[in-house]
Amino acid sequence: MKKKKVLLMGKSGSGKTSMRSIIFSNYIARDTRRLGATIDVEHSNVKFLGNLVLNLWDCGGQEAFMENYFASQRDRIFKNVEVLIYVFDVESRDWEKDLHYYQSCLDAILANSKEARIFCLIHKMDLVPEQQRDEIYQQRLAELRTRSEPLHIEGFSTSIWDETLYAAWSQIVHCLIPNIRTLESHLDNFCRLCDADEVVLFERTTFLVIANAATIQHPDLHRFEKISNIIKQFNLGCSRSQTRFKSMEIRGSSSTAFIDVLTNNTYAMIVMSDPQIQSAATLLNIAAAKKHFEKLEGPQY
């Protein structure tokens, strides 16, 4: 097992625990309203793709806790960190104080885990008028990049009410998968062998997008995250009915999408538009690929 330490930080009320609960605990957005504030640090180990475990540290953002992290718990909190995810409430009334704590985190990361990847989520963007979102996000991100130097950061505009949350977390998790390049290469081969328009790989529990391969361009850049959200909600509906979602076939006017279990830890979506290729042939190709992709998740990779 490869255990990767992930720090989830930000001031109290910024939305850290809500997003963690949606991604990893199958909450829907409206149910997060009943979640209480995180007290000190909540630890959870999330098994991901068989041989990867995310050691997630959700750090309470109340001022007393934040001061304590930097004073007496600095080494324990910030040592051996693979990824720091810092969440900013876009409507915060004390942006300067938020930046002060953020920069304190960066100082601690530089001292204890200088190779860590850093992701900044400008969160609750649904509260900003749609026509102003991009401008405000770009302004905040530009300031964060200046304040973060010499460290490199990656930023995301997010909300629990749309696909942006899945887009951000998919890209964050993507950088933690140890054999991702090998996986992407084999997925590309599979896509071409099937004569598919596109193949998308989802993690089975979270439905985060792990990798994709395509032979044609698609105009909707957010399609994966939209599909993640839809399928996860459908899967939750199945669970409430005490049934299990295994596979589905969705036919449209110009293409057909097959969603099926690929390995113990993944689902695959295969999009086909060639009317000459029968559904049975695609299903046989998926079945034939299962053992191959199971091997790719093994410890040797």
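The values are calculated or read from the model by the stated rules, or taken from the named source; none is laboratory data. Only a predicted model underlies this, so the values are computations on that prediction, with no experimental measurement involved. Here the Cβ is made from the backbone with ideal geometry for all residues, glycine too, and neighbour counts use every protein chain on show. In case anyone asks, the SASA skips ligands and DNA or RNA and just uses the protein heavy atoms, side chains included. Shrake-Rupley method; radii C 1.70, N 1.55, O 1.52, S 1.80 Å.
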Computed from the coordinates I sent, P(r) over Cα pairs in 10 Å bins from 0, in percent equals one of (1) 6, 23, 28, 24, 14, 5, 1; (2) 6, 26, 32, 23, 11, 2, 0; (3) 5, 19, 17, 15, 14, 12, 9, 6, 2, 0. Tell me the label. (2)
Whole-number accessible area per residue in Å² for the chain, which is evaluated in the context of all protein chains at 1.4 Å: 49
Protection proxy ranking of 265-275, 242-252, 175-185 - average other beta-carbon atoms within 10 Å, highest first: 265-275, 175-185, 242-252
Please state the relative contact order of segment 216-301 as a whole percent: Cα pairs under 8 Å, 6+ residues apart? 17
In whole Hz and in residue order, list the ³J(HN,Hα) couplings for segment 73-81 that follow from phi through the Karplus curve 6.51 cos²θ - 1.76 cosθ + 1.60, θ = phi - 60°; x for Gly and Pro. 10, 3, 5, 5, 6, 9, 8, 6, 7
Helix 223-240 versus the longest principal axis of the chain: what is the Cα-based angle in degrees, 0 to 90, to the nearest 10? 80
Taking R0 as 35 Å and r as the Cβ-Cβ distance between residue 67 and residue 126, the FRET efficiency 1/(1 + (r/R0)^6), rounded to the nearest 0.05, comes to 0.70
Over the heavy atoms of residue 207, what accessible area does a 1.4 Å probe trace out, to the nearest 10 Å²? 0
For the chain, calculated [θ]222 nm from helices alone, where every DSSP H run of n ≥ 4 adds -39500 (n - 2.57): -13000 deg cm²/dmol
Tell me, what HN-Hα J-couplings in whole Hz come from the Karplus equation 6.51 cos²θ - 1.76 cosθ + 1.60 at θ = phi - 60° for each residue of segment 177-187, using x for Gly and Pro? 6, x, 10, 4, 5, 4, 4, 5, 5, 5, 5
Dipole of the chain [Lys/Arg +1, Asp/Glu -1 at C-beta], most positive-end residue of 151, 233, 15: 233
Could you go through segment 152-166 in sequence order and give the Karplus-derived ³J(HN,Hα) for each residue, using 6.51 cos²θ - 1.76 cosθ + 1.60 with θ = phi - 60°, rounded to whole Hz, and x for Gly and Pro? 8, 10, 10, x, 9, 9, 9, 8, 6, 9, 8, 6, 4, 5, 5
Contact order relative to length for segment 2-175, counting C-alpha pairs under 8 Å separated by 6 or more residues, stands in percent at 24
Using a probe of 1.4 angstrom, how much of the accessible area of segment 181-297 is carbon and sulfur, in percent? 52
Relative contact order, percent, the chain [alpha-carbon distance under 8 Å, six or more residues apart]: 15
